[in-house]
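A.B. asks: The structure's right below; bear with me while I get my questions together.
Every read-out reported here was derived from the displayed coordinates using simple, explicitly stated rules and does not represent laboratory data. Please read all numbers here as calculations on a predicted model, not as lab measurements. Cβ placement follows ideal geometry from the backbone for every residue including glycine, while neighbour counts extend to all protein chains displayed.
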Amino acid sequence: MSTAVSARAAEHSAGLDDPLVALDDSGTRCPSAVLDGHLADVDETMLTDLYVDMAIARRVDEEAFALTRQGELVLWPPSLGQEAAQVGSARALRGTDFVFSSYREHGVALMRGVGLDELLAVWRGTTQSGWDPYERGMATPQIIIGAQTLHAAGYAMGIRMDGGDDAAIAYFGDGATSEGDANEAMVFASAFRAPVVLFCQNNQYAISEPVSVQSRSPLAARAIGFGIPALRVDGNDVLAVLAATRIALQRARRGGGPTFVEAVTYRVGPHTTTDDPTRYRDDEEVAAWRGKDPLDRLLRHLGGAGAREDRVREEAQVRCDQVARELRTAVTAIPVPATDAMFDHVFTGPTRRLERQRAEHRAFSASIEGDR
Ligand SMILES: Cc1ncc(C[n+]2csc(CCOP(=O)(O)OP(=O)(O)O)c2C)c(N)n1
Ligand SMILES: [Mg+2]
């Protein structure tokens with residue numbers, strides 16, 4: 001690849017020094033030469049819908065967190081604080097696009113129509129795969145850090161070979177950008193001009209490892225070296241995220257290849273429900289990021305634009321309470337599978353070794369039956 005490719009990528013990049021913003025921390029609309037052309041259809045109804053979607057994503061997260069403490073779920077990776085990054089980007093997609101996510105994109109899954117029982121079954125430990133990817137246009141969560149970027153790049157190469165105008169989007173974290181997989185995905189996406197959005201939620205930490213230890217330059221800047229244009233946005237600003245994702249998708253659909261979007265955000269909660277973040281970060285840092293809360297910011301913007309903030313909040317509250325009730329009912333209704341069902345879907349059919357393991361497992365279960 002020639003240096004001209006990187007020069008072109010740099011030319012189409014924005015926000016590398018200061019993340020692009022449409023709504024500042026106080027909810028004031030800031031003009032943006034890059035983003036505004038992609039926000040022309042935003043009206044009060046759409047802003048309210050985005051607020052309600054983010055509020056529901058937050059409530060589902062809160063409820064799931066509480067359910068781990070009640071022993072109803074085994075583990076949960078919280079998405080608190082990342083609602084704008086997830087809802088804003090997912091709302092830019094169309095149904096026939098395809099999402100490849102990590103384990104934290106609950107807000108994205110909800111926007112794709114994933115059912116509450118489907119979302120939670122994996123975290124209840126009753127299934128290895130919660131939903132039908134083709135029904136939802138979204139693969140089930142990837143736990144291997146960064147692997148889904150390769151899946152997305154490959155899927156997008158397929159779209160291009162088929163001559164379609166859909167796109168794939170890979171959601172991954174700041175930590176994933178340090179993995180070989182994410183870098184290989186950028187090589188393939190760029191070389192094959194794959195219609196893929198590489199959507200990095202930089203939530204500042206890979207478990208306890210701060211992003212400053214992982215990279216001396218903004219993560220988005222790395223993409224340019226691969227010949228991929230990069231957009232770096234305020235990830236707690238739902239409008240900036242929506243617009244940036246729209247720009248990336250438009251480029252993909254028009255044959256312009258991949259775009260790297262870095263949404264600069266913050267993981268307000270722990271890495272998972274088994275993590276204690278007070279051991280590696282201080283309260284002031286968390287408080288500073290809470291001041292940039294994506295929901296508060298949008299609500300203030302709605303208020304400034306003439307909407308009744310209390311009415312919007314009330315509408316969201318009613319919907320959230322309903323979702324919370326549905327969620328609790330759905331979780332306890334998830335069927336408990338037979339223990340040896342875990343051997344059923346390892347390969348398309350049984351193998352001798354698997355059958356031997358199944359038999360050993362049955363014998364072991366029977367041997368401890370009396371101890372239960
Ligand atoms: C290949 C691989 N290495 C290590 C891990 C263990 N691990 C789980 S989450 C995580 C941190 C990932 O951080 P980041 O990509 O920033 O995503 P975040 O959890 O912040 O959303 C690590 C190292 C893993 N799951 N897969
Ligand atoms: Mg991270």
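A.B. asks: Below 13 angstrom from the Cβ of Ala252, what's the summed charge of the other residues (Lys, Arg +1; Asp, Glu -1)?
C.D. replies: +4
A.B. asks: Place +1 on the Cβ of every Lys and Arg and -1 on the Cβ of every Asp and Glu in the chain, take the dipole about the Cα centre, and give the residue among Val268, Ala252, Gly349 whose Cα lies farthest towards its positive end.
C.D. replies: Gly349
A.B. asks: Quick one: Debye curve from the C-alpha atoms of the stretch 94-176, no solvent, what's log10 I(q)/I(0) at q = 0.17, 0.21, 0.24 Å⁻¹?
C.D. replies: Values returned for q = 0.17, 0.21, 0.24 Å⁻¹ are -0.66, -0.97, -1.19.
A.B. asks: Apply the Karplus curve 6.51 cos²θ - 1.76 cosθ + 1.60, θ = phi - 60°, to the phi angles in the stretch 163-171 and return the couplings in whole Hz, x for Gly and Pro.
C.D. replies: For the stretch 163-171, the Karplus curve yields x, x, 10, 7, 9, 10, 9, 10, 9 Hz.
A.B. asks: Please give, to one decimal in nm, the separation of the simple spin-label points placed at Asp276 and Glu184, each 7 Å out from Cα toward the Cβ.
C.D. replies: If labels sit at Asp276 and Glu184, their model points lie 3.7 nm apart.
A.B. asks: Just order 250-257, 149-156 by mean Cβ neighbour count inside 10 Å, highest at the front, would you? Could you put the intermediate results ahead of the total?
C.D. replies: Numbers: 250-257: 16.5, 149-156: 24.8.
Put in order of decreasing packing, that is 149-156, 250-257.
A.B. asks: Modelled label-to-label distance, Thr351 and Asp49, 7 Å Cα→beta-carbon offset: nm?
C.D. replies: The answer from the label model is 4.7 nm.
A.B. asks: Based on the alpha-carbon gyration tensor of the stretch 18-173 and its eigenvalue square roots a ≥ b ≥ c, which shape applies: rounded if a/c is under 1.5, prolate if not and a/b is larger than b/c, or oblate?
C.D. replies: oblate
A.B. asks: Where does each of 354-362, 78-86, 296-304 land if you order them by average Cβ count within 10 Å, highest first?
C.D. replies: Result, highest mean Cβ count within 10 Å first: 78-86, 296-304, 354-362.
A.B. asks: Given axes a ≥ b ≥ c from the Cα gyration tensor, I'd like to know whether the stretch 253-292 is rounded (a/c under 1.5), prolate (a/b larger than b/c) or oblate.
C.D. replies: prolate
A.B. asks: If we count every other residue with Cβ under 14 angstrom of Asp165's Cβ, Lys/Arg +1 and Asp/Glu -1, where does the sum land?
C.D. replies: Charge balance near Asp165 sits at +3.
A.B. asks: Grab the Cα-Cα distance for Gln128 and Ser367, subtract it from 0.36 nm times how many residues apart they are, and report the gain in nm with one decimal. Walk me through the numbers before you get to the answer.
C.D. replies: Details: separation 239, 0.36 × 239 = 86.04 nm, distance 2.55 nm.
Full extension of this stretch gives 83.5 nm more.
A.B. asks: A further question on this structure: Tell me the label-point distance for the pair Asp283, Arg328, using the 7 Å Cα-to-Cβ offset, in nm and rounded to one decimal.
C.D. replies: 3.0
A.B. asks: Go through 319-332, 258-271, 56-69 and give me the packing order, highest mean Cβ count within 10 Å leading.
C.D. replies: 258-271, 56-69, 319-332
A.B. asks: In terms of the Cα gyration tensor, with a ≥ b ≥ c the square roots of its eigenvalues, is the stretch 1-60 rounded because a/c is under 1.5, prolate because a/b exceeds b/c, or oblate?
C.D. replies: Taking the square roots of the gyration eigenvalues as a ≥ b ≥ c, the stretch 1-60 is prolate.
A.B. asks: Let me ask something else. Using θ = phi - 60° and the Karplus curve 6.51 cos²θ - 1.76 cosθ + 1.60, what whole-Hz ³J(HN,Hα) does each residue of the stretch 312-318 get, with Gly and Pro shown as x?
C.D. replies: The phi angles translate into 5, 4, 5, 4, 5, 4, 4 Hz.
A.B. asks: Let me ask you something else. Taking all pairs of distinct Cα atoms, average 1/r, flip it, and tell me the Kirkwood hydrodynamic radius of the stretch 311-370 in Å to one decimal place.
C.D. replies: Mean inverse Cα-Cα distance, inverted, gives 15.3 Å.
A.B. asks: Now a separate question. Per-residue HN-Hα couplings for the stretch 348-354, Karplus 6.51 cos²θ - 1.76 cosθ + 1.60 at θ = phi - 60°, whole Hz, x for Gly and Pro?
C.D. replies: Running phi through 6.51 cos²θ - 1.76 cosθ + 1.60 with θ = phi - 60° gives 5, x, x, 10, 4, 5, 4 Hz.
A.B. asks: Report, to two decimal places, the Cα Rg of the stretch 3-337 normalised by 2.2 N^0.38 Å (N = number of residues).
C.D. replies: Here the answer is 0.94, to two decimals.
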